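Chemist: Could you have a look at this structure, given as C-alpha cells, before my questions?
Each value in this text was obtained by applying a stated rule to the coordinates, not by laboratory testing. Computed from a predicted model, the values in this text were never measured in an experiment. Note that each Cβ is placed from the backbone with ideal geometry, even for glycine, and that neighbours are counted across all protein chains shown.
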C-alpha cells in the first residue's frame, strides 16, 4: 500500500514540475512570438521592388585628393558613391559639432585637404536627412543644419572624424567616428577607372569643380521608354478613372478628375504636368519634404535607378530630379530636369518627361574630348559673360535623339552653364564648340 | 476524504493540465513559424507539396552586358575535322554533321561529351562552354557559353548536340567572343525572392518540384547592331505526376516574370 502511494506522489511531483516548465516555455515563447510579429510589420513596409531612397538622394561625384592633387574619380563597373554609403552604414558617428562658419579661407583648406576623400551632393540636404538615410540616431537629432559635402581623411590616424561642409555658407561640421576603417574606402578609390584632375574653385556663386586639363569622356547610348497617358492617370488618379474628363487641343491632352486632379500631357514635347489640388499640406520639415518627393517619383516612374535628387529648394518647396550617367547629369530639352515637384498650400504640382533611360546600348561614337574649364570661362568671356555671371557650371550629358531610331538616344558630354537662372549648353551661350580641337 | 484520494485527484488534474499546456505550446510554435511573410510562403509551398532545396536569400549584383556580332567561328572553320560543316552567315551559326556519330547513354553522356568538346578540332572554342543539364533534353545536349561574368543561356551563345537513338549525330554552335559591361553593377533579386514571387503569381502548380534555379545572362534586345544581355533567373518546375517540366524566366533586375513570345526566340523587355 505504502509503495503505490509513493508512486502516486512521485508522479504528482513530476506532473507539477512539468506543468511549471511548460508554463515557463509558453510564456517566454509568446514573448518571442509577439516580437516576431513586430519585425514582420516593419519589413512589410519596405517594398523590395523599389530603388531605396538613399540611392536617389545620394552624392553624385567623388573627389579624391592624393598627396599632390585632386581627382574626380568614378568606376564604370561599380558606383563608388553608393558603395561608400554602404560602408558608412556600419560606422558609429557621434553628434556633429560646428567647427566654423562663413570663413572662406578655412573652408577652402578643408575641401582641398590632402588625403581627403569627399563625396558631393548636387544640392544641400539636412543633417537629419543624412541620419535617416544612414539609419544613424545621433545625426538624426540635428534638425536644422544643411550640408552638401562629406569628407573623410583616409591617411591621418589622428583625425578619426567625418566632416560635413556646406558650400552656401561655408559652414563645417565635425563628428567623431568609431568602428570605421579606411581600408574598404581606399580599396574603392583604387578601383576607379575614370580619373580626372580637378581643382575646387571658390567663386562668387559657389564652389565650382574645374577640370584642369582637357577631359576625354565616353559617349553613351540608351534605349528609352515611355508610357501611355492611361498608365499615368491610373497611377496618379488613385486607379479610379471613371469620372475622367478628357479634352485635346493640338496634341495637348488634358485629363480632369473632378475638380481635384488634373493631368496635362503634351504629345509634341512629351512633357506632362500633374496637379493635385487635394494635396494641400506643405511638408513641415526637410526630411518629410524629401520623403514625400521620393514617394511621388516612385509613383510616376517605374525605373528610377538612374534618377538622383538634383536640387532641393526648401524655401520654395521645390524639388528637381535628374537622370545621371556615370556620375554626370543628363540635360534634356526641358528646363526642369527629369522630374520637378512643387508643394504649396494650393496643391502639389509635378512636371515630368515621358522619356526614361531604360537599357544601355554600346555606343558606336568615339569618345569626346572637352576643353578645360579655364578655356570654357575664357570662351564665355569672349561672348560677353564674365565669370561672376556664371551661377553654376557643370559637365553634363546632352540628350540627342537619333534620326533613324526613335527608341535610341545618344548621350554626348558637353559643358552646361547656368546664367540668369537658365541652364544652357556652352555652344548655345557662345556659338562655339566645347570640344577640344 | 482521505489524503490519498486527494493526491490521486491532483495527479489527474495536473496530468490533464500538462496535456493542455503541451498542446498549446505546440500551437504557439506553429504560429511563430508563420509570422514572417516569406517563411509563411515557404511553409505554404511545402504544404502544397512543392519541393525544393534550400533557397538562397542573398541578393547579389549583375550587369547589363553587350556584345557585337562576331566572326570568330567563320574564321576558324578550317580547324574542324571529321564533320560536314554548314555556316549560316545571318545567324553566325555552325551546323555540323559528325562523320562518326558518338554513342552515349543517359548516364555517361556528360563525361563523353565533355571530353569531346575539349578538343579544338572537334568544337571551336569548346573549352569556353559548359554542360547545362537544365536546358538539355533526351534529344538535345546543351552546352552554354561561360565567362568571368557568368553563364549565358541564350541561342546566340550555345552549343547544341542532337541525339538520335543513343547517338550524337551533329550539333549547332553560336559564339560570342567577348561581353562588355554597359552600366555599373546593379542589385538583383535573390533566389528566394524570385521563387516566392513565382508562387505568389500562381506560376508554380501544386505537387511539383523545383528542379533547377539558375542565374544566367540572356538576350534582351538588339539595338545599334549589338546584342544586349540581362541577368535572368531560369527556374525549372517539374510536375511530380506528369513528369513534365516547364522553365520560367524572371528578370533578375526587376523581378518581373518574362513571358516568351510565340516563336520563343525573343524575350520582351519588361
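Chemist: Sort B:2, A:159, A:167 by Cβ crowding within 10 Å, fewest neighbours at the top.
Modeler: B:2, A:159, A:167
Chemist: Taking only Cα atoms and a 10 Å spring cutoff, compute GNM fluctuations for chain B and point out the largest among B:211, B:242, B:95.
Modeler: B:242
Chemist: If you don't mind, there's one more thing I want to ask. If I fit a long axis through the Cα atoms of helix A:2-45 and take the longest principal axis of the Cα atoms of chain A, what angle between them do I get, 0 to 90°, rounded to 10?
Modeler: 10 degrees
Chemist: By counting other Cβ atoms within 10 Å of each Cβ, how are B:21, A:263, B:77 ranked from fewest to most? Mind dumping the intermediate values first?
Modeler: Working: B:21 18, A:263 22, B:77 12.
Arranged by neighbour count, lowest to highest, B:21, A:263, B:77 become B:77, B:21, A:263.
Chemist: Still on this model: Considering only the protein assembly as shown, what is the antiparallel percent among its DSSP beta bridges, to the nearest 5?
Modeler: Details: 170 of 175 bridges.
Bridges in the protein assembly as shown that DSSP calls antiparallel: roughly 95 percent.
Chemist: Could I get the Rg over Rh figure for the range A:227-296? Both from C-alpha atoms, Rh via Kirkwood, rounded to two places. Provide the component values of the computation, followed by the final result.
Modeler: Working: Rg = 13.6 Å, Rh = 13.3 Å.
That ratio is 1.03, to two decimals.
Chemist: Determine the distance separating the Cα centre of the range A:313-338 from the Cα centre of the range A:223-277; give it in Å without decimals.
Modeler: A separation of 22 Å, based on Cα centres.
Chemist: Then there is this: Give me A:429, B:233 ranked fewest to most by other Cβ atoms within 10 Å of their Cβ, as a rough exposure proxy.
Modeler: Numbers: A:429 21, B:233 25.
In increasing order of surrounding Cβ atoms, one gets A:429, B:233.
Chemist: Round to a whole angstrom and tell me the spacing of the C-alpha centers of the range A:284-299 and the range A:129-175.
Modeler: A separation of 22 Å, based on Cα centres.
Chemist: Could you give the alpha-carbon Rg of the range B:136-270 over 2.2 N^0.38 Å, rounded to two decimals? Mind dumping the intermediate values first?
Modeler: Values: Rg = 16.0 Å, N = 135, 2.2 N^0.38 = 14.2 Å.
Scaled against compact globular proteins, the figure is 1.12.
Chemist: Given an 8 Å cut-off on Cα distances and at least 6 residues of separation, report the relative contact order of chain B as a percent.
Modeler: Relative contact order of chain B: 20 percent.
Chemist: So for the range B:148-270, averaging the separation of alpha carbon pairs under 8 Å that are six or more residues apart and normalising by length, what relative contact order in percent results? Before the final figure, lay out the partial values.
Modeler: Details: 194 pairs, mean separation 25.5, N = 123.
Reported relative contact order: 21 percent.
Chemist: Same structure again: Normalising by the residue count of the range A:53-200, find the relative contact order in percent from Cα pairs under 8 Å and 6+ residues apart. Write down the numbers at each step before the final one.
Modeler: Working: 301 pairs, mean separation 49.5, N = 148.
Rounded, it is 33 percent for the range A:53-200.
Chemist: Restricted to Cα positions, what overall size does the range B:22-172 have along the principal axes? Three whole-Å values, descending.
Modeler: If we take the Cα atoms of the range B:22-172, the spans are 76, 38, 23 Å.
Chemist: Sticking with this one: Would you calculate the volume per residue, in Å³, of the smallest convex hull containing every Cα atom of the range A:324-403? Write down the numbers at each step before the final one.
Modeler: Values: hull volume 14.4 nm³, N = 80.
It comes to 180 Å³ per residue, whole-number rounded.
Chemist: Hey, another quick one. Viscosity 0.890 mPa s, temperature 25 °C: what is the translational diffusion coefficient of chain A from Stokes-Einstein with a Kirkwood Rh over Cα pairs, rounded to a whole number of µm²/s? Don't jump to the answer; show the numbers that get you there.
Modeler: On the way: Rh = 24.8 Å.
Stokes-Einstein gives a translational diffusion coefficient of 99 µm²/s.
Chemist: Sticking with this structure for a sec: Return, for the Cα atoms of the range A:53-200, the radius of gyration and Dmax in Å, separated by a comma.
Modeler: Answer for the range A:53-200, Rg first and Dmax second: 14.1, 39 Å.
Chemist: With just the Cα atoms defining each centre, how far is the range A:351-409 from the range B:163-238? Give it in Å.
Modeler: A separation of 37 Å, based on Cα centres.
Chemist: Something else: Taking every alpha carbon pair in the range B:130-174, what does the distance histogram look like in 5 angstrom bins from 0, in percent?
Modeler: Calculated over all Cα pairs of the range B:130-174, the distribution is 6, 25, 31, 22, 10, 5, 2, 0 percent.
Chemist: Now for a different question. What is the pair-distance distribution P(r) of the range B:85-199, computed from all Cα-Cα distances in 10 Å bins starting at 0, with each bin given as a whole percent?
Modeler: 12, 40, 29, 15, 4
Chemist: Just the projected area, averaged over all directions, of the convex hull on the alpha carbon atoms of chain B: how many nm²?
Modeler: Numbers: hull surface 85.0 nm².
Answer in nm², one decimal: 21.3.
Chemist: Shape of the range A:285-418 from its Cα gyration tensor (a ≥ b ≥ c, root eigenvalues): rounded if a/c is under 1.5, otherwise prolate when a/b > b/c, or oblate?
Modeler: Numbers: a/c = 2.43, a/b = 1.24, b/c = 1.95.
Oblate, because a/c is 1.5 or more while a/b does not exceed b/c.
Chemist: Further question on the same structure: Note the per residue figure in Å³ for the convex hull of the C-alpha positions in the range A:151-247. Write out the running numbers ahead of the final one.
Modeler: On the way: hull volume 30.3 nm³, N = 97.
Residue-normalised Cα hull volume stands at 312 Å³.
Chemist: Further question on the same structure: Could you calculate, for the range A:227-357, the ratio of the Cα radius of gyration to the Kirkwood radius, expressed as Rg to Rh? Intermediate results must be reported in sequence, preceding the final value.
Modeler: Working: Rg = 14.6 Å, Rh = 15.2 Å.
Result for the range A:227-357 is an Rg/Rh of 0.96.
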